[in-house]
Amino acid sequence: MSETEAAAEQALLVGVELKGQQSGWHIEDSLAELAQLASTAGLEVAGQTWQRLERFNPATLIGSGKVEEVLELCSDLACDVIVFDEELSARQLRNLEETVGDDIKILDRTSLILDIFAQHARTREGQLQVELAQYQYRLPRLTRAWTHLARQAGGAAGRGGTGGVGLRGPGETQLEVDRREIGRRLAQIRGDLEDVRRHRALHRRQRKRMAVPVVAIVGYTNAGKSTLLNALSGSEVLAEDKLFATLDPTTRRVPLPGGREALFSDTVGFIQKLPADLVAAFRATLEEINEADLILHVVDITHPNARQQSETVTETLADLGVENRPIIVALNKIDRLSNPADASTMLDGIEEAVPISAAEGIGLDDMLGRVDEVLSAGLVYTTVRIPYDRGDLAALFHEQGTVVRTSHDGQGTVIEGYLPRRFLERFHAFWV
């Protein structure tokens, strides 16, 4: 056993299944995913247990009897960490920590995901987004597990002296200091991220002026999004067989079969029970999805929970308000199937699905052809008379539209043809 393996913290996983819950995920599958998250975070899973309940226990999430059972199991397995598959409230976390004592760490799915995000954020933007989510999560949960941000303050009053009106007393408690420090840091991070958001908005406006359509690559974590972007663009975006290997968005220019080009943007992977604070913190990044002309949903067709993963992504897109955007589903990793031809029939009810293997380059031409078709489907037939001094608009029509007929008169160039709907407003003053 290596030193790294010997030093790994031993974790006990605890899940809860609510009776009558219709999430589509079985508790065993959810715990298997939690085990993968734990491993990605650097924990070694020693065991797992779960309980079926009518409702979550407001005090400890699980029942009091189950808490005792978890403690015994934790002792038998010599575990350092207990990881719950649900997000713990501040009250639940406090009660559980008081019950287990100082020697065992209590984590939940959300804190585990945040830890993984903190490990994988590479850019300044990604680090800011993760830090924001961590503070938003931790602020209502300041307990003994919190690493203090500041020393206890109080000055002369805190030492029993007389500091004047409003200053007498024991001074601020540590939690009050921590909360104030976090509040200041949150304000600073939000300001920095707002600068990032404005910068991204500027880039998007520039892209629109360049008239290059944008395709947002979305999917469940580890579905193969980064591998697909690498295959399409010849780039070297980090692509690992790990959850959340890619956090920072990457955009690459990709030629389409019809002669045009499109910008393909890789985005952070989705996961079931994705923390709301995390979605909010990554708003600047996820706006890339909102601004996209087309969404390319990558599904790992070989995963035993492919349908549940697909539905989770669809639900997250709905939460982001982009469920009505044109979507193409890429059924990835067909090279791992005994019969790749079966891929299209493995997820009933999914339209616009294209079987591919990003790793082997299979089906990518068909997928790009479908992307080109869908982007072109938004074309509207129109006739415009463009003044001779607006050659930029004439060039835009030729680059992004389909020209049927061109003629000239004393006022300018008359162009008839199909133009993408999103550019119609720019030609409004010149309609014939």
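When you go through Val329, Val354 one by one, which is the residue that is closer than 30 Å to His203 by Cα and surrounded by 16 or more Cβ atoms within 10 Å (Cβ to Cβ)?
The unique qualifying residue is Val329.
For the structure I just gave you, tell me whether Asp366 is under 30 Å from Thr406 (Cβ atoms) and not hydrophobic (A, V, I, L, M, F, W, C).
So Asp366 does not fit the description; no.
Of Glu87, Glu9, which residue is under 16 Å from Leu112 (Cα atoms), touching a Ser or Thr at 6+ places or on another chain (Cβ under 7 Å) and either open to solvent by 50 Å² or more (accessible area, probe 1.4 Å) or of a type in the set (S, T, N, Q) (or both)?
Glu87
Just the residues that are open to solvent by less than 30 Å² (accessible area, probe 1.4 Å) and over 21 Å from Lys19 (Cα atoms), please, taken from segment 70-82.
Across segment 70-82, the qualifying residues are Cys74, Cys79, Val81, Ile82.
With the requirement that a residue be under 21 Å from Asp266 (Cβ atoms) and either assigned to a loop (DSSP other than H, G, I, E, B) or more than 26 Å from the chain's Cα centre (by Cα) (or both), what does segment 336-354 give you?
Of everything in segment 336-354, just one residue is under 21 Å from Asp266 (Cβ atoms) and either assigned to a loop (DSSP other than H, G, I, E, B) or more than 26 Å from the chain's Cα centre (by Cα) (or both), namely Glu352.
Return the residue satisfying two criteria in turn: it lies in segment 21-69 and is under 25 Å from Thr312 (Cα atoms) and among the basic types (Lys, Arg), and of such residues it is least open to solvent (accessible area, probe 1.4 Å).
Of everything passing the filter in segment 21-69, Arg52 is least open to solvent (accessible area, probe 1.4 Å).
Can you say whether Ile113 is open to solvent by less than 10 Å² (accessible area, probe 1.4 Å), among the aliphatic types (A, V, I, L, M) and at pLDDT 95 or above, as far as the supplied structure shows?
The answer is no for Ile113.
Scan segment 119-163 for residues that are at pLDDT 50 or above, open to solvent by 60 Å² or more (accessible area, probe 1.4 Å) and closer than 17 Å to Arg185 by Cβ and report the count.
4
Suppose we filter Val404, Val380 for residues that are surrounded by 12 or more Cβ atoms within 10 Å (Cβ to Cβ) and either of a type in the set (A, V, I, L, M) or at pLDDT 90 or above (or both); which single one remains?
Checking each option against the conditions leaves just Val380.
If I filter segment 218-245 down to residues being part of a loop (DSSP other than H, G, I, E, B) and in contact with a strand residue (DSSP E or B) (Cβ under 6 Å, 6 or more places away or on another chain), which single residue comes out as modelled with the lowest pLDDT?
For segment 218-245, the residue satisfying everything is Val237.
I'd like the residue in segment 310-326 that is touching a residue at least 12 places away in the same chain (Cβ under 8 Å) and of a type in the set (A, V, I, L, M) and, out of all such residues, is surrounded by the most Cβ atoms within 10 Å (Cβ to Cβ).
Across segment 310-326, the extreme among qualifying residues is Val313.
Mind telling me which of the residues Ser265, Ser310 ends up being among the polar types (S, T, N, Q), touching a Gly at 6+ places or on another chain (Cβ under 9 Å) and modelled with pLDDT of 80 or more?
Within the list Ser265, Ser310, the selection yields Ser310.
The values are calculated or read from the model by the stated rules, or taken from the named source; none is laboratory data. Just so you know, these numbers come straight off a predicted model, no measurement behind them. Cβ coordinates were reconstructed from backbone atoms using ideal geometry, including for glycine residues, and neighbour counts include every protein chain displayed. Note: areas computed on protein heavy atoms with side chains; ligands, DNA, RNA excluded. Shrake-Rupley method; radii C 1.70, N 1.55, O 1.52, S 1.80 Å.
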